[in-house]
Amino acid sequence: MATAVATTGLEEPSTGRWPRTTRRLAALIVALPDRLMTWFLTVATVVSVALLVGQFRPLLVAPAAVVALILTRRMVPQSPQVNRAAVAGAGAALLMTMTWYVVQRGYTAQMIGLDRDPAQYTLSALYLVHHSSPDVALDPALPGLAAAVPGLLTDFLLGNSGAVNHIQGNDLLPGLLALFGWVHGTAGVLTGNVALGALALLSVYALSRRILGPLWGLAPMLLLAVTMPLAAFSRMPYTEPTALIFVCGMLVALWVGIDRRSNALFALAGAFAGATLMARIDGGLTIVAGLAAVSLLAIAPISAARRRAGRLALLLFTWGALPTAALGWLDLYVHSPKYLSGLSGELYPVVATMPVVLVLGFGLSLLRRFTGPIAVWMSSHRRGLAIAAGIVVGVVAVAMVTRPLWLEQHFTRNRPDGDYVGGVAARQKAEGLPVDGTRSYDEMTVSWLAWYLSWTVVVAALLGAVLAAVRFCRKRDPRLLVIWVVPVLVGLVYLNRISITADQIWALRRLLPVVIPFTAIAAVYALRAAVMALPRFRALGVLVAVVLLLLPIQTWGKMFDSREGIGEYDLVGTICNLAGDGLIVQAGPYPIMGSALPALQELCSDKVVSINQPTVNSMAAIKQNWTGGGPITVVVFFPTAVTWTTPVDPSKPLDRIVFSRWESVISRRPGNLNLQQVSIWMGTLQPSGEVTPLNASPFPALLPGS
């Protein structure tokens, strides 16, 4: 087990003969993974505050971020000892990170038709590049028009929400992507999440080198770099890579805080934990897991002094988490109230658990007459506890792996998962599976990990979990206890209830922030133990371990060089330029890429509505009741959706795109691309309710920032 030793200066014994400049550069390289995580937390907090108050402007955010970075410059976990191995490991990690970014940025997606979350994150980021609030402001005349015309929508998700549309979900990720947009326009937004994914990859190294050492710590990073999950959720905007950065930051701060007995780092760990709620609405689960882990520092020690120190650590962790967690909740309350209300049944029980864990931790710590003898007994029976812990963890691991053989899990009526029933049934029918839309497939979660990481890695990870449990019982290392409690608690939730449609690779995103990186770390923990147990074959063992960790690259197949949704952005650009400055009406069924209403509202104009089942009368009512002036442009994705004044040729749309999407399957990982086609016809709305077609060649996309 590598020990985290803080550097108090540059004069380390192993580098004492290095020139001063070399020593300074070496110290910077070793410290950079930790510093980047804390800098990211600082900037993310500034972005969240700016978004919350509707003042997301470059001239405010940039100076505020600089000031915040200066004020928090000392709030960084002390880096490992600076020596040749540490420099080599950190240097290799930085090189791997940059290489991964350069490779992956060439395969970014361009999905802005609203069928799933990444499209909305992209749209919100593009909108925030030129706006100070995440709320989409509509023309004041639109609510009155929607009230006068039945079936007319101003908001894709909520129907009619007034003069402002609230976007679903947390706003931190769109805000972060908009920072890239300020620098590099639309291209910056589209590639920004790859940069966040690269930082997430480096953050895994910042954690794994504490547990495994500076060189073995590269192995989990290598595994995540070559497998599908991190890349798939970085090529288009997902919140999980951001959450992964915060989780790793929390655990690194806890590891070093315990090692150095640093109270400030417990507060920093809490701030990282709370920030997961800024990134995702389910971040509260990470906070609860962190509180439970830190509570053990107050309960498990034998000495009264260590218990007092543990209680202080628990308080500091809590106070550190409160501001960032409050920012995450306030963001949802102010800018996404309906989304918050819809998921309150899942969020608030988790929030209510936080004070319960806090009180239990304090209470059990103070009950020294009861818990003290237990701690003494555990300390004097380490061998037996180690055997028992190994057996218990091993039995649980076998049960988790074999669940598909003896368990079939389903949604329940009182769970929001019931909304997924139709989608599950449709996919089952398409794949020739028995149709039962209530199947949740929660029993398959470990198998899903094996689909992408390989069964070799999963089995090694389970063995690593057993070894970690045994090592803690024998050595009573509080760092190891705290670090492993978090993934165990989070894993027990998401490995048993994925709470999402089971199609791949979409469903696996629930496991990315915590379960997947710790699967990689645990697997390497076991591989390292095996290699170290055979000193005569150590070089061969390292080679075999590297090969085993690289083999999952084969899971990509032809999916690696795919780019999803390419052409959607340009198609919207064509619509924007042909429509001009008047009212835009999206009429008829949505295209296969999803509703274009949010894209048109956030990229084209504040005067956009949609109507799913237009008739001549309803279209005439739109013309009659529109008070905003100017022409009314109608856009349809199916030529029969409206009545034309003159016939249109179905084979000759104004514009047509053919783009690819990863297939959405339940029974296996994605292995094929679905080619999809979207065409547009446009025209000018007449008082009769008929539409005069536009006869124009496609215009080039000229959206802001393109």
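The values are calculated or read from the model by the stated rules, or taken from the named source; none is laboratory data. The structure displayed is predicted, hence computed values, not measured ones. In this analysis, Cβ positions are derived from the backbone assuming ideal geometry, glycine residues included, and neighbour counts consider all displayed protein chains. The accessibility values were calculated without ligands, DNA or RNA, using every heavy atom of the protein model including side chains. Shrake-Rupley method; radii C 1.70, N 1.55, O 1.52, S 1.80 Å.
Before moving on, here are some points about what is shown:
- Put simply, the convex hull of the Cα atoms in the stretch 317-385 casts, on average, a shadow of 6.9 nm².
- Working ranking of peptides 48-56, 384-392 by packing, defined as the average number of other Cβ atoms within 10 Å per residue, highest first, is 48-56, 384-392.
- Relative to its residue count, the stretch 547-636 spans a Cα convex hull of 116 Å³ per residue.
- 3J(HN,Hα) along the stretch 576-593, derived from phi through the Karplus expression 6.51 cos²θ - 1.76 cosθ + 1.60 where θ = phi - 60°, amounts to 4, 6, 6, 6, x, 9, x, 6, 10, 10, 7, 10, x, x, 6, x, 5, 7 Hz, with x in place of Gly and Pro.
- Each peptide in 447-454, 101-108 was scored by the mean count of other Cβ atoms within 10 Å over its residues; highest first, the order is 447-454, 101-108.
- Accessible surface, the chain, averaged per residue in Å² (probe 1.4 Å): 40
- For the chain, cysteines whose Cβ has no other cysteine Cβ within reach (under 4.7 Å): CYS248, CYS473
- Size of the stretch 129-252 as Cα extents on the principal axes (Å, biggest first): 67, 27, 25
- Gyration tensor (alpha-carbon) shape descriptor, the stretch 573-622, a/c threshold 1.5: oblate
- Phi angles across the stretch 281-291 convert, under the Karplus curve 6.51 cos²θ - 1.76 cosθ + 1.60 with θ = phi - 60°, into 3J(HN,Hα) values of 5, 8, x, x, 5, 5, 5, 4, 4, x, 4 Hz, Gly and Pro given as x.
- The lysines whose alpha-carbon is closer than 28 Å to the alpha-carbon of LYS429, local same-chain residues fewer than 8 away aside, are LYS558.
- Charged-residue dipole, Cβ positions (Lys, Arg, Asp, Glu), the stretch 241-316 about Cα centre, Debye nearest 20: 340
- Computed as a quarter of the hull surface, the mean projected area of the alpha carbon convex hull for the stretch 187-259 stands at 4.9 nm².
- Overall form of the stretch 551-706 per C-alpha gyration tensor (a/c, 1.5; a/b vs b/c): prolate
- Annotation: the antiparallel percentage among DSSP beta bridges lying fully within the chain is about 70.
- Computed from the C-beta positions of ASP115 and ILE70, the FRET efficiency with R₀ = 45 Å rounds to 0.55.
- Taking amide H as placed 1.01 Å from N in the peptide plane, GLN504 has its amide H under 5 Å from the amide H of VAL665, ILE666, each at least 5 places away in sequence or on another chain.
- Helical runs assigned H by DSSP (4 residues or longer) give the chain a calculated mean residue ellipticity at 222 nm of -19500 deg cm²/dmol, each run adding -39500 (n - 2.57) before division by the residue total.
- Gyration tensor (alpha-carbon) shape descriptor, the stretch 250-339, a/c threshold 1.5: prolate
- Taking the chain and dividing mean pair separation by its residue count, relative contact order in percent (alpha carbons under 8 Å, at least six apart): 15
- Per-residue surface analysis assigns LYS607 an accessible area of about 40 Å², computed on protein heavy atoms at 1.4 Å probe radius.
- Taking a straight line from the alpha carbon of LYS623, these lysines sit under 20 Å away, with near neighbours fewer than eight places off in the same chain left out: LYS607.
- Grouping the Cα pair distances of the stretch 77-139 into 5 Å bins from zero gives a pair-distance distribution of 3, 14, 12, 13, 11, 10, 10, 11, 9, 5, 1, 1, 0 percent in increasing distance order.
- P(r) weight above 21 Å for the stretch 334-488, C-alpha pairs, percent: 67
- Its residue count N sets the reference 2.2 N^0.38 Å, and the alpha-carbon radius of gyration of the stretch 488-612 equals 1.77 times that reference.
- Carbon plus sulfur fraction of accessible area for the stretch 352-503, probe 1.4 Å, in percent: 70
- The label-point distance for LEU95 and ARG261, in a model that sets each label 7 Å from Cα toward Cβ, rounds to 4.0 nm.
- Between the Cα long axis of helix 382-406 and the first principal axis of the chain there is an angle of about 30°, rounded to the nearest 10.
- The angle between the Cα long axis of helix 455-475 and the longest principal axis of the Cα atoms of the chain comes to about 40 degrees, rounded to the nearest 10.
- Residue-wise HN-Hα coupling along the stretch 221-236, computed from phi with Karplus coefficients 6.51, -1.76, 1.60 (Hz; x: Gly, Pro): 4, 4, 4, 5, 5, 9, 9, 6, x, 4, 5, 4, 8, 10, 5, 9
- The heavy atoms of ILE374 offer some 80 square angstrom of accessible surface to a 1.4 angstrom probe.
- Using alpha-carbon coordinates, inclination of helix 117-128 to the longest axis of the chain, degrees: 80
- Dimensions (Å) - the chain, Cα atoms, principal axes, largest first: 89, 57, 50
- Burial order of peptide ranges 145-154, 512-521 (average beta-carbon count within 10 Å, highest first): 512-521, 145-154
- Two-decimal log10 I(q)/I(0) for the stretch 533-579, as the Debye equation yields it once each C-alpha is a single scatterer, q = 0.27, 0.29, 0.31 Å⁻¹: -0.94, -0.99, -1.03
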